[in-house]
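Any read-out appearing in this document is the output of simple, stated calculations on the displayed coordinates, not a laboratory observation. Here the structure is a predicted model, which is why all the values come from computation and not from measurement. Every residue, glycine among them, receives a Cβ derived from its backbone with ideal geometry; neighbour counts consider all protein chains shown.
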Amino acid sequence: MIRDAEIITTDVLVIGGGGSASRAAIAADNEGAVVHMVVKGLFGHSGCTPVALGGFAAAFGHADPRDNWKEHLKDSCIGGGMINNQDLLEVLCKNAPSRFRELESYGSVFDRDSNQNYYQRQLGGHSFPRTCTSADRTGGEMMKGLTYEVYRREISVLQDCMAITLLKEEQTNRVVGCLCYDIKRGQFLIFKSKSVILTSGGCGQVFKFCFAPYQKAGDSNRMALEAGAELVDIELFQFHPTGYIQPEGIAGQSISEGVRGEGGRLYNALGERFMERYNPQQLELACRDYVSRCIYFEVKEGRGVDDKAVYLSVTHVPDQIVDQRLPAMLGRGLNYKIDIRTDPMYIYPSSHYQNGGIRVDTSWKTGVEYLYAAGESAGGIHGGNRLGSNSLPDLLVSGKIAGENASLAALGDYKSVDMTNFRKEIERAAEYVDDIVGQDNGVNPISTRNEIKALVWDNVGIARSKESLTHALNVLEDMKVNRLPRIGDRGRSAYNTEFMEALDVRSLIVSGECMARGALMREESRCGHFREDFPVPKDEWTANIVTSMDKEGAYQLKKIPVVQTHLKTEDVEMPIFPVCGMEPTPCEG
Ligand SMILES: Cc1cc2nc3c(=O)[nH]c(=O)nc-3n(C[C@H](O)[C@H](O)[C@H](O)COP(=O)(O)OP(=O)(O)OC[C@H]3O[C@@H](n4cnc5c(N)ncnc54)[C@H](O)[C@@H]3O)c2cc1C
């Protein structure tokens with residue numbers, strides 16, 4: 001049991017094994033800290049980074065010399081509904097090119113033109129072609145280099161090892177370690193760690209249709225809240241316009257934005273290229289939230305294919321471009337007997353990216369001492385809508401800074417932990433899992449997970465209302481009180497995935513509830529957050545929502561002003577989103 005768990009002492013514990021985790025671990029190691037990574041899945045193969053497709057935004061100006069970090073920041077603010085934290089965003093846009101180049105020194109290879117400049121693709125919401133690529137497998141190439149570098153440095157990586165709950169010293173409001181579970185051995189591990197970095201990503205799995213891999217249940221949201229940190233704008237989830245609906249084998253899987261970047265067009269059941277009506281300037285390359293909402297309206301207003309989808313087509317794009325620039329998308333289609341060079345794809349929006357997340361400052365430190373967050377776990381930088389290809393640079397920029405600062409804090413003037421308090425924390429952590437381990441009380445975690453996913457998709461999804469959100473909250477509240485205590489596993493052994501599922505259910509309920517609460521409070525529509533009962537943006541909501549949790553598990557939500565250090569709302573022209581049943585208003589954006 002936990003009380004006889006293995007104890008591992010380290011300077012910096014990195015929770016996660018994706019791009020932000022790897023870059024954080026490299027940075028902390030570089031500063032001289034002893035670093036451990038715990039990864040819920042396989043290192044290099046779990047999380048979203050290895051499956052990222054379309055590319056990495058960095059304002060090199062290779063494709064267009066007018067591009068620079070200020071243009072990148074401006075586009076990201078407009079795309080983000082002007083509620084991005086511009087201090088964080090400045091750091092991202094300035095540092096993206098250096099972080100990208102550095103990947104090549106780790107062994108990644110990216111597309112270049114005949115002059116050895118980077119090939120840069122045009123993606124939605126970017127004013128210039130700014131997205132660097134490795135065909136349509138950019139994340140995999142990036143992860144290859146990062147994995148090499150982590151292993152080259154001999155950083156300790158514990159794979160199939162899940163972080164469960166953070167250990168804290170309440171008197172000093174600091175994190176002092178983490179309880180983890182080694183899935184392979186069925187063994188609990190207690191990390192006594194000076195600093196901890198949360199990089200386990202977002203909560204995409206809370207939705208029935210999602211691109212996010214299975215591990216991404218929002219564990220970092222739950223662990224951060226329980227430890228006293230705050231979430232920001234967690235209601236602002238991104239729905240990506242192009243997910244497969246059919247064939248069934250790939251339903252819900254992503255179609256890279258690179259497909260639209262290379263000229264892909266959207267058609268409704270009437271054969272209309274409907275984006276010409278909504279947004280004749282940007283067409284399919286309007287921002288993701290905008291295009292998703294247009295597809296939603298086409299289907300809702302009866303112009304959808306089979307009342308549930310629209311077509312995405314590259315049949316007019318030369319085969320050679322498809323072969324060269326979209327090989328992964330071509331291959332995926334061919335596996336299911338769809339040749340995208342000759343057949344359209346049958347698509348609908350799917351949940352994609354957690355725009356909000358753990359609230360951090362420009363050191364990527366949370367409000368809890370010695371606790372940092374980076375990558376998709378951290379919120380604020382992308383506002384209400386992340387531009388395509390802005391996550392990969394975020395991972396590396398935030399990961400490096402979090403890793404450096406976590407390491408400096410651990411190696412600096414660190415006051416050692418009172419062991420009596422530490423033992424008490426182990427007892428508390430033991431109680432946290434006691435009612436799961438070996439307790440089969442009749443509630444199956446897997447079917448509960450599926451119920452949550454359907455509930456959140458239907459009620460907190462692409463269109464929301466007071467009624468749907470209140471319904472979701474009531475059901476989640478009921479699950480928390482009446483079902484969660486009865487979820488257990490049927491015995492503890494190696495590869496006890498039911499135990500993990502039970503913990504995932506806790507995380508999914510926390511993320512679903514926070515999302516619904518924020519969405520209920522935000523009585524407007526902005527970016528990916530579309531309230532059918534409040535369909536337009538409101539000035540008073542050019543604001544962030546911060547969520548915290550008290551010791552009893554009750555939530556507090558507060559509205560705070562946005563950080564607009566560079567651009568003010570009145571300086572920019574915002575796109576006007578279409579409203580159902582009304583003539584679409586063209587967007588200048
Ligand atoms: C299909 C797809 C395509 C995308 N394409 C692009 C793109 O082209 N450009 C772009 O900028 N962005 C893209 N994105 C988004 C981007 O890939 C992600 O936002 C980003 O990779 C997240 O990185 P991360 O390091 O924060 O987390 P991830 O890479 O998701 O890694 C999370 C890690 O945490 C681990 N983990 C989870 N819970 C725990 C726990 N409790 N304990 C220990 N470990 C845990 C997971 O196993 C995983 O290793 C795409 C996303 C998807 C799904």
For residue 308, counting only lysines whose alpha-carbon sits under 27 Å away and dropping same-chain residues fewer than eight positions off, the answer is 208, 216, 300, 337, 453, 466
Translational diffusion coefficient (Stokes-Einstein; Kirkwood radius from C-alpha pairs) of the stretch 471-558 at 20 °C, 1.002 mPa s, in µm²/s: 140 µm²/s
In the stretch 450-589, if the dipole is taken from +1 on Lys/Arg beta carbons and -1 on Asp/Glu beta carbons about the Cα centre, which of 503, 455, 569 is farthest to the positive end? 503
For the stretch 238-352, whose charge dipole is built from +1 on Lys and Arg Cβ atoms and -1 on Asp and Glu Cβ atoms, the candidate among 274, 238, 302 with its Cα farthest towards the positive end is 238
All other residues with a Cβ under 11 Å from the Cβ of residue 428 taken together, and with Lys, Arg as +1 and Asp, Glu as -1, what is their net charge? -3
Burial-style ranking of 30-43, 441-454, average other-beta-carbon count within 10 Å with highest first, yields 30-43, 441-454
For the stretch 257-264, 3J(HN,Hα) per residue [Karplus equation, 6.51 cos²θ - 1.76 cosθ + 1.60, θ = phi - 60°, Hz, x = Gly/Pro]: 5, x, 5, 6, x, 8, x, x
Nothing charged except the Cβ atoms of Lys and Arg (+1) and of Asp and Glu (-1): what's the magnitude of the dipole of the stretch 238-352 about its Cα centre? Round to the nearest 20 debye. 140 debye
Between residue 441 and residue 555, with labels modelled 7 Å along Cα→Cβ, what's the label distance in nm to one decimal, could you check? 2.3 nm
Mind ordering 233-242, 311-320, 123-132, 404-413 by average Cβ neighbours within 10 Å, highest first? 233-242, 123-132, 404-413, 311-320
Could the peptides 552-560, 190-198 be put in order, highest first, of the mean number of other beta-carbon atoms found within 10 Å of their residues? 190-198, 552-560
Over all alpha-carbon pairs of the chain, lay out the pair-distance distribution in 10 Å bins, whole %, shortest bin first. 4, 18, 30, 28, 16, 5, 0, 0
Beyond 25 Å, what share of the Cα-Cα pairs of the stretch 238-352 is found? Please give it as a whole percent. 13 percent
Return the calculated 222 nm mean residue ellipticity for the chain, to the nearest 500 deg cm²/dmol, obtained by summing -39500 (n - 2.57) across DSSP H runs with n ≥ 4 and dividing by the residue count. -10500 deg cm²/dmol
For residue 301 and residue 270 in one chain, what is 0.36 nm times their gap in residues minus the Cα-Cα distance, to one decimal in nm? 9.9 nm
About its Cα centre, the stretch 263-305 carries a charge dipole, from +1 on Lys and Arg Cβ atoms and -1 on Asp and Glu Cβ atoms, whose size in debye to the nearest 20 is 40 debye
Furthest towards positive pole of dipole, 196, 549, 360, structure part the chain, Cβ charges: 196
Size of electric dipole in the chain: Cβ of Lys, Arg +1 and of Asp, Glu -1, about Cα centre, debye, nearest 20: 520 debye
